[in-house]
Amino acid sequence: MATWGYVAVDKNGKELKGSRDADNKEQALRELKNQGLIILDITEQNALTKEISIDFGGKPTPRDLSVFCRQFASIARAGVTIIQTLNMLAEQTENVKMQKALRAVRADVEKGESFADSLALHPDVFPELLVQMVRAGEASGSLETAMERMALQFERSAKTKALVKKAMIYPIVVAIVAVIVVVVMLVKVIPSYIDMFEQLGTELPGITLAVIAASDFIQEKWFILLPIIIGIVFALRTYAKTNSGKHVFGKLQLKIPAVKNLVVKSASAQMARTLSTLLTAGVPLVEAVDIVAETMTNIWFKEALKSAVEQIMIGVPLSQPVQTCGLFPPMVYHMMHIGEEAGSTEDMLNKLADYYEEEVELAVQSLMAAMEPMIIIVLAGIVGLLIASVMAPMVTMYSALENI
């Protein structure tokens, strides 16, 4: 597929410039004319003339996907065809990666592929959850409704993730400031006192000698220390992506009380909301649970739901494996069991999602409230240690003068 640069005039007489991906010039002209444009010039772009786009956004966020689904549903309800809708959305989206994917999807739909199958060819842009919802919407003739449900799903997912990120920003910023303060004191402040102590010939206590040694090491061996720190961070990030690392860090999240509360409630809200959305759209329970498992960020929840899929296939109700895995709160599997008995699983899951999304907000507030005094205590300990290392020799010197 080639890229064609064009200059055109719209219905209002406004001159437009842009590019269009198409197999040939005729296809590009036809698509542009279908948009009501009068083409003044169109040429194929090469490596030198092609517009260079740098996508700083990377992979589309839940907010990007929410806007896409909401706009798609609104435009499609107005009677616009899928191809024209995709054209319009590709032109106005700000995420370059999504823009390219939408153009490719449009081209595949033009060739006769289903909308869901076309989206499935771009898993790095459109998640499996969206693909399955679109497939169910196409099969039932309610694509607009399916897209509206996905818009709501992505909006709530974005809200939950934003709350979790908000909880992490404060401690990260404070930790960075603390490191900077400690380094400045060890590199600039402590050395000025060292010269004074050496001139006075005062015998230095152990705490001062330890801080002086740390100061000397940072000043003289920083070129060794910096690569070590970078190497440790890189190694931890790499290990966290391995299967073993996912299990270790996932278990660690479930061991720290304040963090566990947030992780469990976030997983419960995400599982309930996503599963309800899929079941309401008509996706079979086995496929729905399998898709939900892939959306879990903590591998222990993912494996628990994967195991639940196997049990559902042999006739076990979902509430049973959710209970036996020991990860979800009792309210989750009790409400699911009630829904299964009453034949209203989707409604119960919706209520669970609403409840735990509110609980996530409270958990974030509790986590931040617990972190603030802990961070203050840690910072006070570090600063107190540095002050003690400076004051201790002075106290020793004054005591010696009084004894003379």
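Some notes on this structure:
- Residues with amide H under 5 Å from that of Glu113, placed H, sequence gap 5 or more: none
- With a cut-off of 15 Å between beta carbons, the residues surrounding Ser319 carry a summed charge of -3, where Lys and Arg count +1 and Asp and Glu -1.
- Mean residue ellipticity, 222 nm, helices only, the chain: the sum of -39500 (n - 2.57) across DSSP H runs of n ≥ 4, divided by residue count and rounded to 500, is -25000 deg cm²/dmol.
- Ordered from largest to smallest accessible area (heavy atoms of protein chains, 1.4 Å probe), the residues Lys100, Lys251 come out as Lys100, Lys251.
- Thr238 accessible area, assembled protein chains, probe 1.4 Å, Å²: 70 Å²
- Nearest 10 degrees, 0 to 90: helix 190-200 Cα axis against the chain principal axis: 10 degrees
- Accessible surface of Thr345 - all protein chains present, 1.4 Å probe, nearest 10 Å²: 30 Å²
- Net charge of Cβ neighbours under 15 Å - reference Glu148; Lys, Arg +1; Asp, Glu -1: +2
- Karplus (6.51, -1.76, 1.60) ³J(HN,Hα), θ = phi - 60°, over the stretch 144-161, in Hz, Gly and Pro reported as x: 4, 5, 4, 5, 5, 5, 5, 4, 5, 4, 5, 4, 6, 5, 5, 5, 5, 5
- Helix 206-240 axis, angle to the chain major axis (alpha carbon atoms, nearest 10°): 20 degrees
- In the context of the full protein assembly, Val183 retains an accessible surface of approximately 60 Å², using a probe radius of 1.4 Å and ignoring ligands and nucleic acids.
- If you sort Met168, Met368, Met313 by accessible surface, 1.4 Å probe, largest first, the order is Met313, Met168, Met368.
- Rounded to the nearest 10 degrees, the angle from helix 345-403 to the longest Cα principal axis of the chain is 20 degrees.
- Across the accessible surface of the chain, with the other protein chains kept in place and a 1.4 Å probe, carbon and sulfur atoms take up 61 percent.
The values are calculated or read from the model by the stated rules, or taken from the named source; none is laboratory data. The model shown is predicted, which means the values in this text are computed figures rather than measured ones. Quick reminder, even Gly has a Cβ in these numbers, built from the backbone with ideal geometry, and neighbours come from all protein chains shown. The protein model used for the area step is the full one, side chains on, heavy atoms only, and it has no ligands, DNA or RNA in it. Shrake-Rupley method; radii C 1.70, N 1.55, O 1.52, S 1.80 Å.
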